[in-house]
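A.B. asks: Have a look at this one.
The values are calculated or read from the model by the stated rules, or taken from the named source; none is laboratory data. Fair warning: this is a prediction, and the values are worked out from it, not measured in the lab. Just the protein is used for accessible areas: all its heavy atoms, side chains included, with ligands, DNA and RNA removed. Shrake-Rupley method; radii C 1.70, N 1.55, O 1.52, S 1.80 Å.
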Amino acid sequence: MAVFVALGAFLMTLAGGWTAQRVTDRRHLVLGLAGGLMLGVVGLDLLPEALRAADTEVYGVPAALLLFVAGFLLAHLVERLLAARRAAHGAEEHKRRAPEVGLTAAAAMVGHSLMDGVAIGASFQVGEGMGTAVALAVIAHDFADGFNTFTLTSLYGNARRKALAMLFADAVAPVAGATASTFLTVPEGVLGGYLGLFGGALLYLAAAEILPEAHHEHPARSTLLCTVAGAAFIWLVVGVTG
């Protein structure tokens, strides 16, 4: 049952990626929406869940928040190191960006979708009602995941075929995670730490890369409205499925 439900997440992820690639003639709106979706996912979904799952403190600060900051700094460090490496080898960057950063960010999205699939499988082991609730939440979020995976890969200058490959991997990941959940169990504390780390990295990409790019060439009110709409959409999803 969990694997069957995960197929819904597979289709929703592909739908999100298809939407992102179909509106490339309104690139600033796509980026504005992606930034809002990422901000909403981090602030309204990942971080609250991380704080619930990893409730231990280190020197008075929740471990999930420390890992959140570490994820932000790690994403910044990786981006700078890759950019410096390309500059040292005389490579011409796509708009001063390293394509490897886009692939790394998309791979992180795939890993997150894999954990979503594990969550679906684990929740069905608890009970069908719990499994259905978690599955609906994951399926609703996966539209944003697919949208962001394709957008992130493309933004950093990767070829369309690579963006589509990462989108397909992101779509398959929940199915693989739901299948794997029948053989393994992820400790709640580990899951919370992972969500914090991933959330910090995702926030860096939204705040330092996606949103500035969205407003660089088209500082229009419509771009800002798309950003607000993206965050509001995640708020609606969290409220309906919570």
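A.B. asks: Under the 0.36 nm per residue contour assumption, what length would be gained going from the current alpha-carbon distance of Val58 and Trp18 to full extension?
C.D. replies: Result: 10.1 nm gained on full extension.
A.B. asks: Further question on the same structure: Taking only protein heavy atoms into account and a 1.4 Å probe, give the accessible area per residue of region 20-82 in Å².
C.D. replies: Here the per-residue accessible area is 54 Å².
A.B. asks: While we're looking at this one, here's another question. May I ask you to give the percent of accessible area on region 164-242 that is carbon plus sulfur, with a probe radius of 1.4 Å?
C.D. replies: 75
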